[in-house]
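Everything on this sheet refers to the single structure shown next.
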Amino acid sequence: MKLNLKKNLEDTVNQYRDHTGEFSKKFMAEMGRFNSPEARNRYSNDGLRDLANEKHAELLASQVATGETMNQKARAVVNGAKSSITAAVMGKGSRPEDYATRISNALRFLSYETADSLTDDVAHGLLHEFEGDYETMRKFKRIVEQKESASAGHVDAKRFPKTFGSIEKAEEALSRFEELDRLAETVFMHQKVKSSNGVTIGDVFYSEPMDSYGETTGWDALLNLAEAVDQWGENEGDAAEG
């Protein structure tokens, strides 16, 4: 299964870098206008400073807004890959009209079983029709685990490979997205730092904001993790689809 997660996130990072280059030009041009002879002749020193402060704040706000937009794009890329993995591992499963009743019946029959009588074959016979329903199978898995734990004091996850093998593959794959989600949520939203590039207006230096070390290392961490997920997709993902 080819996810192209790293490439898609690289495209997002590159879009942000392109914007940063354009923003730098815009910053220097718009702040530099306050040093023009026309501006100095038109406004008092106090008035010029107030206008410069207002424009500087406006530019900083636009950079924050861009970061929020790029975060949304990064999260959409991550969520798209997560959906692909879930669909590949679990399938889509049909939902007949009496689906809720079937779930209730399976729960009832499951409750009749003890930890000793509930084998993988028995559980699979009760639950196999729900294999395409990731969330429902997770609930069944928790019930079986509770039954196992109450009896033995621990859960042997390898006891039910036929019944919950696909769920465990899905959980393994989706667990890889927890850190991706965390990184993508703020990867373009780190606090900017002041740079030596900027414009002096009167006696005030207006520094152009630049990305912090934490932001750029966050990009690297995101892409490295995305590469690991891509490798999982090409290796385990193909087996899961099969």
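Please calculate how many Å² of accessible area the stretch 1-124 carries per residue, with a 1.4 Å probe and no DNA, RNA or ligand atoms counted.
It amounts to 59 Å² per residue over the stretch 1-124.
The stretch 129-217 has equivalent-ellipsoid semi-axes of 54, 13, 10 Å, by the square roots of 5 times the alpha carbon gyration tensor eigenvalues, sorted largest first. If the segment from D220 to D120 were pulled out straight at 0.36 nm per residue, it would be longer than the present Cα-Cα gap by 31.7 nm.
Peptide packing for 183-189, 128-134, 110-116 was compared via the average number of neighbouring C-beta atoms within 10 Å per residue; ordered from the highest value, the list is 183-189, 128-134, 110-116. A convex hull fitted around the alpha carbon atoms of the chain yields 175 Å³ per residue. For A29 and E178, the FRET efficiency from 1/(1 + (r/R0)^6), where r spans their Cβ atoms and R0 equals 41 Å, is about 0.45.
Taking the stretch 15-92, which chymotrypsin sites (Phe, Trp or Tyr not before Pro) meet the DSSP loop condition and have no more than 15 other C-beta atoms within 10 Å?
Y43
Not counting the cut sites, what is the longest span of the chain without trypsin sites (Lys or Arg not before Pro) that DSSP labels loop and that have at most 13 other Cβ atoms within 10 Å?
It works out to 93-242.
Expressed as a whole percent, the accessible area of the stretch 133-219 that falls on carbon and sulfur atoms is 51 (1.4 Å probe). For the chain, the mean residue ellipticity at 222 nm estimated from helices alone is -23500 deg cm²/dmol, where every DSSP H run of n ≥ 4 contributes -39500 (n - 2.57) and the total is divided by all residues, rounded to the nearest 500. Against the compact-protein benchmark of 2.2 N^0.38 Å, the Cα-based radius of gyration of the stretch 28-97 scales to 2.25. Phi angles across the stretch 112-121 convert, under the Karplus curve 6.51 cos²θ - 1.76 cosθ + 1.60 with θ = phi - 60°, into 3J(HN,Hα) values of 6, 7, 9, 4, 6, 7, 7, 8, 4, 5 Hz, Gly and Pro given as x. For the stretch 139-235, the solvent-accessible area with a 1.4 angstrom probe is 54 square angstrom per residue.
Among the listed pairs K139/K169; K7/K158; K82/K139; K25/K192, those whose Cα-Cα separation exceeds 26 Å are K7/K158.
The values are calculated or read from the model by the stated rules, or taken from the named source; none is laboratory data. The shown structure was predicted, so the numbers you read here are calculated from the model rather than taken from an experiment. Neighbour counts are summed over all protein chains in view; Cβ atoms, including those assigned to glycine, are modelled from backbone coordinates with ideal geometry. Note: accessible area is taken over every heavy atom of the protein model, side chains too, but ligands, DNA and RNA are not part of it. Shrake-Rupley method; radii C 1.70, N 1.55, O 1.52, S 1.80 Å.
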